[in-house]
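Visitor: Got a structure for you, questions after.
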Amino acid sequence: MSTIQKIDRRDFVKLFGLASGGIILGCSVAADSKDFIPSEHATGFHPNLFIHLQKNGNIILIASRSEMGQGIRTSLASAIAEELEADWQYISVEQAIGHEKYGNQNTDGSRSVRTRLEPMRKMGATAKMMLITVAAKKWNIATSACKAANHFVINTITNEQIFFGDLAADAAKLPIPKEKNIQLKKVKDFKFIGKTLKSIDLKDFTHGTATYGIDVRIPNMKFAAIARSPVTFGSVKSFTKNNAEKVAGVEAIFEMPRLIPPTGKFFGMLGGVAVIANNTWAAFQGKIALDIEWNKGANENFDSEEFKKILTKRVQKTGKLVPGVLGNVNTAFDTAAKTIEATYHVPFLAHTPMEVPNATAWFQEDKIEVWAPVQDPQTARSELAHFFEIPIEKITVNVTFLGGGFGRKSKSDFVVEAVAISKKINAPVQVVWTREDDIQNSFYHATSAQYLKGSIDGQGKVTGWLQRVGFPSIVSSFKPLSEYGSGFELNQGFTNNPYAIKNFRLENVKAEANLRIGWMRSVVHIHSAFGINSFVDELAFAAQKDPVQFHLELLGKDRILKGKSKFPFNSKRFKNVLTTTADMANWGAELPKNHGLGIAIHYSFYSYIATVVEVSVLDRKVKIENIWTTIDCGLALNKDNITNQLEGAAIFGMSLAMFGKISTKDGAVEQNNFFDYQMTRMKDTPNIHINIVDAMHEPPTGVGEPGVPVIAPAICNAIFNATGERVRSLPLSDLGMV
């Protein structure tokens, strides 16, 4: 549901500091269940989406979601332009500050388009109706004799036309049309939606004029770096600052205590020793010169390799039953022609966005202002109110562009740090993490172990499926002693397994968290897709069947599973992306020696995706030659943007499969920088082929994350087809295969 209302120009100026005049529309959107739902208050209407049509014809969209390369500003602007029949050159975007009036601003879960598209279209259509009404009155004709096109209202009788800007002032005086009278365009008439649009911010991106968090400068600001404990939740025992004070530009050095969040909320900050300087480099060098002795705390002896062994033993024994059991797997195993068992591992992973965490803050007696690349400005704002006891209405979080986020920048610990230092030194300050800080003090994607056992009958059909999983839960970052996967995590590829298997059982085992655990692009789907797709490939080989045909058999008869979701699962759509991708890759054709194809499919964020990877392997060194991906994400809002995101997901997934591993020894993360936590380099980038299914009559679904989980299993399955060697533990670099 959504409600559209005009916004008073004085309120608009107060909210955004933008010149008023013309039509100002606000829309209240109730998206998914965890979204804040605005309502009528004594102080008036609280919308969470805004557009402003000015007298000069310019149209400003107030974007409530963060832009971190996923193209959301462009996508939502195109929805406005589509229904308004606007000229693209008049469209611009202003970024919203963090505020509850916008609803849930947390930019994650690949849900911005699916929750915002229809309301944005309705606002564009509403503005168009108001403009047409004014024009019809001027010409003394019926509104049905008018149409809008390319920023003009046209008299279809005389072909006269009036510019939008010349109608804006009078249109602003009209009442809002009733929602039932708002008519949206038909798919066949789209000129922006479903087409290829370049980023509305492209000029700023390519000319270096876009402001990222790290670009922020305000008068009299200082610069800070923080030395944090190498062991998670360790603390300062003692430190010597003499050498650090000798670094030119260093102005102050002091200890910062850890700020521990209340149970179930926020992220706090790790604490450590802060070095304040008049430039970033001096702060970094001062930090290096510190001599610190640490109390390493409870996680001092955490060894990730030992933990991997412990998890492996646990998943190979009976675990905690997860709801959703079908039939009896033991009977299926006992009567099977064959049973297959395998255990799969994914290590801890880090986000490593190209722009490291950073924040600029100014604590001024009774108010706080922050400039930062955050995915969740509202949580940051609430967290600052909690820790610094400042009324939330006196806290402003200005959202800059994000140089990548992937979930790391939805945690606001780096923002809390900046405010704490600003308060201490009574001056504005910018805190910048080094790459080493980022890799060694993150909220990590959880390591996992999966044990799978399956049975096959005499005809090569799967009769039983047992899957047992263990991974430190994200909930552990909010609630101590959360040692089992939560329901929302298990629903990411485990409990919503798409295959039609009569005997099915899922179990979860205990997994303690000795590092800070957080969500990362695709979250638990990374584990799920790797284990399931790898195992299906093993089952297909055991059944002596082609993997593509085997997946189709497992998906069963065409069926639609509605459940409680607004996006019912449709197995026919899933089969389509599978067969389409196989055709794109010329599946089944003869390949050169030492080459192999591997396939993986996955359903996540309500989108259907399939990927085929071609590898070549020489002396056990793997080269990715080609990646073919098909996505069915419903209504494809901006095909250029979708292609970009899937290409990025392919590179992201490659990096995880080939190199991605965070390991610990004596409690400390062993990796430091990109030399030992590598990314895929340009020279190693394969040919990437993207296909977007034409499903324009379906509602839009996720795009930013679904492309990641399929990459690793497709690579590993391709390696098997090239060499006969199974890869069950990531990354490939651990196996000497890169």
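Throughout, read-outs are computed from the coordinates displayed, never taken from laboratory work. Note that the coordinates shown come from a computational prediction; the quantities given were computed from them, not determined experimentally. Here the Cβ is made from the backbone with ideal geometry for all residues, glycine too, and neighbour counts use every protein chain on show.
Visitor: Please tell me which of these pairs span more than 26 angstrom C-alpha to C-alpha: 147/180; 101/195; 147/566; 178/198; 317/562? Please list the in-between numbers first.
Guide: Details: 147/180 19 Å; 101/195 31 Å; 147/566 34 Å; 178/198 34 Å; 317/562 34 Å.
Check vs 26 Å cut-off fails for 101/195; 147/566; 178/198; 317/562.
Visitor: Right, another one. Out of residues 5 or more away from residue 93 or on other chains, whose amide H comes under 5 Å of its own, with H placed 1.01 Å from N in the peptide plane?
Guide: 61
Visitor: Provide the packing ranking of 339-350, 704-715, 317-328, i.e. peptides ordered by the mean count of other C-beta atoms within 10 Å per residue, highest first. Write out the running numbers ahead of the final one.
Guide: On the way: 339-350: 20.2, 704-715: 30.3, 317-328: 13.3.
In descending order of packing, they fall as 704-715, 339-350, 317-328.
Visitor: Quick one: of the DSSP bridges fully inside the chain, what percent are antiparallel, nearest 5? Don't skip to the answer; put the middle values down first.
Guide: Values: 96 of 125 bridges.
Percentage antiparallel, nearest 5: 75.
Visitor: Quick one: compute the contact order of the chain, relative version, from alpha carbon pairs under 8 angstrom and 6+ residues apart, as a percent.
Guide: On the way: 1722 pairs, mean separation 98.1, N = 738.
Computed value for the chain: 13 percent relative contact order.
Visitor: Would you mind pulling out the separation of the Cα centroids of the stretch 254-279 and the stretch 530-559, in Å?
Guide: 49 Å
Visitor: Sort 623-633, 572-582 for me by packing, meaning the mean count of neighbouring Cβ atoms within 10 Å per residue, highest on top.
Guide: Values: 623-633: 24.1, 572-582: 19.6.
My ranking of the peptides, most packed first, is 623-633, 572-582.
Visitor: Which order do the peptides 123-129, 613-619 take when ranked by the mean count of other beta-carbon atoms within 10 Å per residue, highest first? If you can, show how the numbers build up before the last one.
Guide: Numbers: 123-129: 25.3, 613-619: 19.4.
My ranking of the peptides, most packed first, is 123-129, 613-619.
Visitor: Another question, if that's okay. Cross-link candidates for residue 411: which lysines have Cα within less than 20 Å, leaving aside residues fewer than 8 places away along the same chain?
Guide: Excluding near neighbours in sequence, the set is 34, 265, 479.
Visitor: Cut-off under 22 Å on the C-alpha distance; same-chain residues fewer than 8 positions from residue 313 excluded. Which lysines are left, in chain and number order?
Guide: 453, 510, 661, 665
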